Amino acid sequence: MTSFLIWSFILVALSFSSNAQVFNSKTDVSTRADYRSEKAPRYQYRVRFYPQLTFENSLWSLNGFAVTGDSFASSYNTFGADETHHFHFRRLYLRHQNEQGKTEIGVIPTYKGRVSSTGLSKDGWITGVRQVYQRSPDTQIEWVIGELNDAGDPDFWEGGKNLNYGEFELSSRFNAITGFELGLEHMLSNNFARGEITHKLSDAHLVSFELINRLDNHRSKVVLSLAGETHLLEENIEYFAYYSYTSDGFGERAELTEDFVDYGHAVTLEIEGQFLPEWGLDWFSKLELNEGQQRFQLGLKFKL
């Protein structure tokens with residue numbers, strides 16, 4: 001029934017495609033070297049494609065997302081690997097957006113805006129409906145209902161078999177520099193409570209504290225992060241540094257999060273800068289230090 005309702009909405013939208021006013025898309029291509037302790041180095045690539053069709057005289061749009069990788073939290077293919085070089089349409093959904101908020105229905109993103117470290121992977125998907133209500137300029141209320149299954153099968157048409165995902169979240173601010181999020185989630189047969197506090201140290205630097213707790217066994221994931229922009233050798237460098245701790249027994253929810261490293265304690269540093277800005281070419285690097293493995297990545301990203 002879930003799948004039938006979703007595709008009925010999408011087919012109605014496509015019936016009006018002759019009135020489409022704008023089609024646009026974004027694409028980015030990345031390649032990286034990935035060095036892991038006690039494992040052979042690997043060289044990988046990623047292609048992400050975001051098409052969008054906006055309808056004339058309407059606040060509705062049809063949105064898609066296709067990417068390499070073979071699972072919910074994996075979006076890179078490996079050069080020279082024996083497996084198939086994957087490229088799948090992971091999401092296809094309708095969006096209605098106005099000053100009061102937005103509605104999304106179909107195979108939708110895992111996020112409403114900024115992706116938190118304890119949030120689900122930004123390249124993942126949920127089959128269902130999201131409603132975001134903009135209660136005031138600083139306060140949003142969000143709910144999602146749908147399905148999160150087949151995390152190892154990224155084809156969007158495979159979903160919609162049963163309802164097993166629910167989320168409710170409140171996002172607001174204490175003042176001009178400090179904000180918070182509070183949320184409840186049901187997924188993977190478990191219930192979770194999530195909280196986040198963000199604080200601006202300056203216009204260029206943001207510190208965050210995130211906590212997510214699995215309610216049946218009280219296992220947790222904690223993230224303390226610092227993000228911002230700085231200057232190095234007369235170049236602007238974006239950075240993201242964070243400490244995380246994930247309890248054993250937290251479950252599969254941990255491995256589907258955006259910034260999962262490993263269970264136990266971990267420290268990570270990510271940096272990104274412009275390489276050839278006139279060509280839309282950036283460089284990026286990532287260092288992970290945890291109890292089980294050390295990992296270093298270096299790569300290039302090209303935006304079309």
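The values are calculated or read from the model by the stated rules, or taken from the named source; none is laboratory data. As the structure is a computational prediction, the values presented were derived from the model and not from experiment. Ideal geometry is used to build each Cβ from the backbone, glycine not excepted, and the neighbour counts take in all protein chains shown. We work out accessible area using only protein heavy atoms, side chains counted, and drop any ligands, DNA or RNA first. Shrake-Rupley method; radii C 1.70, N 1.55, O 1.52, S 1.80 Å.
Of note:
- Centroid-to-centroid, using Cα positions, segment 222-270 and segment 176-206 are 14 Å apart.
- FRET efficiency, 1/(1 + (r/R0)^6) with R0 35 Å, evaluated for Val22 and Leu170 via beta carbons: 0.60
- Computed log10 I(q)/I(0) for the chain at 0.11, 0.12 Å⁻¹: -0.75, -0.91, from the Debye equation with unit scatterers placed on every C-alpha and solvent omitted.
- GNM result for the chain, Cα springs below 10 Å: residue of Ser189, Ser244, Ser172 fluctuating most strongly: Ser189
- Hydrodynamic radius (Kirkwood) for segment 235-304, which is based on Cα pairs only, to one decimal in Å: 13.6 Å
- Theoretical FRET efficiency, 1/(1+(r/R0)^6), r = Cβ-Cβ of Leu276 and Tyr43, R0 25 Å, to 0.05: 0.75
- Residues in the chain average 52 Å² of solvent-accessible surface per residue, probe 1.4 Å, ligands and nucleic acids excluded.
- Just the protein heavy atoms count here, and of the accessible area of the chain at 1.4 Å, carbon and sulfur take up 58 percent.
- GNM flexibility winner over the chain from Ile212, Ile105, Ile197 (Cα, springs under 10 Å): Ile197
- Within-10-Å neighbourhood charge of Glu238 [Cβ basis; K, R +1; D, E -1]: -4
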